[in-house]
Amino acid sequence: MCGRYALSMAGEDLEEYFEIDEVAGPLPGPDWNIAPTDPVPAVFERERSGELRRLLSPVRWGLVPSWSKDASGAARLINARVETLAEKPAFRKALAARRCLLPADGYYEWYPVTIDGKAAKQPYFIRPADGTPLVMAGLYEFWKAPDGSWLTTATVITTSATDEVGHLHDRMPMAVARQDWDAWLDPAGRLDPLGLLTVPTPSLEFHRVSMAVNKVANDGPELVEPLAE
């Protein structure tokens, strides 16, 4: 976890929800089958002319550390365990000053099942039970390519799964409550991510979905619809 997620909110809705000061670049549209290395919208704060501004910007999912020789390893760094962020060279600097929020409707997990006598994996969609967006904690990084161009990438921070979804997978995205957004995004802030959550993780619900989500080329709101029992 988290290897796929969905986001149906349009750019203007994200601007309003996160009280964005500036949109930095063209945003990807709604996507119900976001996969590693896809462009995703991210919320972060940067200083502009001496003022801290909240930005909404496209980033590529899969963090590329600034010291990487190339971007080929991005798909391996789509997640970062909160327990070891401060220890891992790939995440230490980003944790100190480049924290972001990655909005989602919810995310997918796969559970082993037997179908017609054959082993398979049934996809489930997991989302906040109250219907609000899942605001995932993330880190972002800037990487300069050999041709001089810049690539902005991000990773989703994961934590231990709650009892509600732990039987599907032992990890889940770390959610950031609205009252903690300022502290999490402040690039000058020094905080302990393990102690950040001041309220319990939002209650989650899940349901089975179509195996069409297994193919990354498939997209559309039907992917998150519950299967008939």
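The values are calculated or read from the model by the stated rules, or taken from the named source; none is laboratory data. Quick caveat: nothing in here was measured; it's all calculated off a predicted structure. Cβ: placed from backbone, ideal geometry, glycine included. Neighbour counts: every protein chain shown.
Of all residues in region 122-145, those satisfying the criterion of being touching a residue at least 12 places away in the same chain (Cβ under 8 Å) and either surrounded by fewer than 18 Cβ atoms within 10 Å (Cβ to Cβ) or of a type in the set (S, T, N, Q) (or both) are 122, 129, 130, 132, 142, 144, 145. Selection within region 166-182: residues that are outside any loop (DSSP other than H, G, I, E, B) and either of a type in the set (Phe, Trp, Tyr) or surrounded by 14 or more Cβ atoms within 10 Å (Cβ to Cβ) (or both). The member of this set that is nearest to the chain's Cα centre (by Cα) is 173.
Quick check on region 16-27. Is at least one of its residues at pLDDT 95 or above and in contact with a Pro (Cβ under 6 Å, 6 or more places away or on another chain)? Within region 16-27, one or more residues are at pLDDT 95 or above and in contact with a Pro (Cβ under 6 Å, 6 or more places away or on another chain). Listed by first and then second residue, the pairs with beta-carbon distance under 9 Å, at least 6 apart or on different chains, first residue in region 68-81 and among the acidic types (Asp, Glu) and modelled with pLDDT of 85 or more, second in a loop (DSSP other than H, G, I, E, B) and surrounded by 15 or more Cβ atoms within 10 Å (Cβ to Cβ), are 70/64.
Could you look through region 146-165, keep only residues that are of a type in the set (D, E, K, R) and more than 24 Å from residue 64 (Cα to Cα), and pick out the one that is surrounded by the most Cβ atoms within 10 Å (Cβ to Cβ)?
From region 146-165, those of a type in the set (D, E, K, R) are 147, 163-164; that's our starting set.
Those left that are additionally more than 24 Å from residue 64 (Cα to Cα): 163-164.
On the way: 163: 6, 164: 15.
Once the filter is applied, the top-ranked residue is 164.
Just one of the numbered conditions (1) outside any helix (DSSP H, G or I); (2) at pLDDT 95 or above is not true of residue 148: (2). Applying the condition of being without any contact (Cβ under 8 Å) to a residue 40 or more places away in the chain and among the aliphatic types (A, V, I, L, M) to region 197-216 and asking which residue is nearest to residue 136 (Cα to Cα) yields 197.
Of all residues in region 1-27, how many are within 19 Å of residue 211 (Cα to Cα) and either touching a helix residue (DSSP H, G or I) at 6+ places or on another chain (Cβ under 9 Å) or buried (at least 18 other Cβ atoms within 10 Å of the Cβ) (or both)? Step through it out loud before you land on a result.
Step one: list which residues in region 1-27 are within 19 Å of residue 211 (Cα to Cα), which gives 1-7.
Narrowing the set further to residues that are either touching a helix residue (DSSP H, G or I) at 6+ places or on another chain (Cβ under 9 Å) or buried (at least 18 other Cβ atoms within 10 Å of the Cβ) (or both) leaves 1-2, 4-7.
Residues in region 1-27 being within 19 Å of residue 211 (Cα to Cα) and either touching a helix residue (DSSP H, G or I) at 6+ places or on another chain (Cβ under 9 Å) or buried (at least 18 other Cβ atoms within 10 Å of the Cβ) (or both): 6 in total.
Since residue 20 meets every condition but one in (1) aliphatic (A, V, I, L, M); (2) assigned to a strand (DSSP E or B); (3) within 18 Å of residue 186 (Cα to Cα), which condition does it not meet? Tallying (1) aliphatic (A, V, I, L, M); (2) assigned to a strand (DSSP E or B); (3) within 18 Å of residue 186 (Cα to Cα), residue 20 fails exactly one: (2).
Among the residues of region 103-113, is there at least one that is touching a strand residue (DSSP E or B) at 6+ places or on another chain (Cβ under 9 Å), surrounded by fewer than 20 Cβ atoms within 10 Å (Cβ to Cβ), in contact (Cβ under 8 Å) with a residue 12 or more places away in the chain and closer than 25 Å to residue 211 by Cα? If you could, list the steps in order and put the result at the bottom.
We begin by selecting, within region 103-113, every residue touching a strand residue (DSSP E or B) at 6+ places or on another chain (Cβ under 9 Å); these are 103-113.
Restricting the remaining residues to those that are surrounded by fewer than 20 Cβ atoms within 10 Å (Cβ to Cβ) gives 110-113.
Now restrict to residues that are in contact (Cβ under 8 Å) with a residue 12 or more places away in the chain: 110-111.
Add one more test, that the residue is closer than 25 Å to residue 211 by Cα, and what stays is 110-111.
Yes: one or more hits.
Counting only residues that are touching a residue at least 24 places away in the same chain (Cβ under 8 Å) and part of a strand (DSSP E or B), how many does region 23-39 have?
As a first pass, look at region 23-39 and keep what is touching a residue at least 24 places away in the same chain (Cβ under 8 Å): 23-28, 31-37.
Next, only the ones that are part of a strand (DSSP E or B) stay: 23, 31-34.
Residues flagged as touching a residue at least 24 places away in the same chain (Cβ under 8 Å) and part of a strand (DSSP E or B) within region 23-39 amount to 5.
Listed conditions (1) under 12 Å from the mean Cα position of the chain (by Cα); (2) more than 27 Å from residue 177 (Cα to Cα) are all met by residue 104, apart from (2). If the condition is being outside any loop (DSSP other than H, G, I, E, B), closer than 20 Å to residue 172 by Cα and among the hydrophobic types (A, V, I, L, M, F, W, C), then region 53-93 contributes 61, 74, 75, 77, 80, 82. Looking only at residues that are assigned to a loop (DSSP other than H, G, I, E, B) and in contact (Cβ under 8 Å) with a residue 12 or more places away in the chain in region 218-229, which one is farthest from residue 138 (Cα to Cα)? Across region 218-229, the extreme among qualifying residues is 227.
Total residues in region 184-219 satisfying the condition of being surrounded by 14 or more Cβ atoms within 10 Å (Cβ to Cβ) and within 19 Å of the chain's Cα centre (by Cα): the figure is 14.
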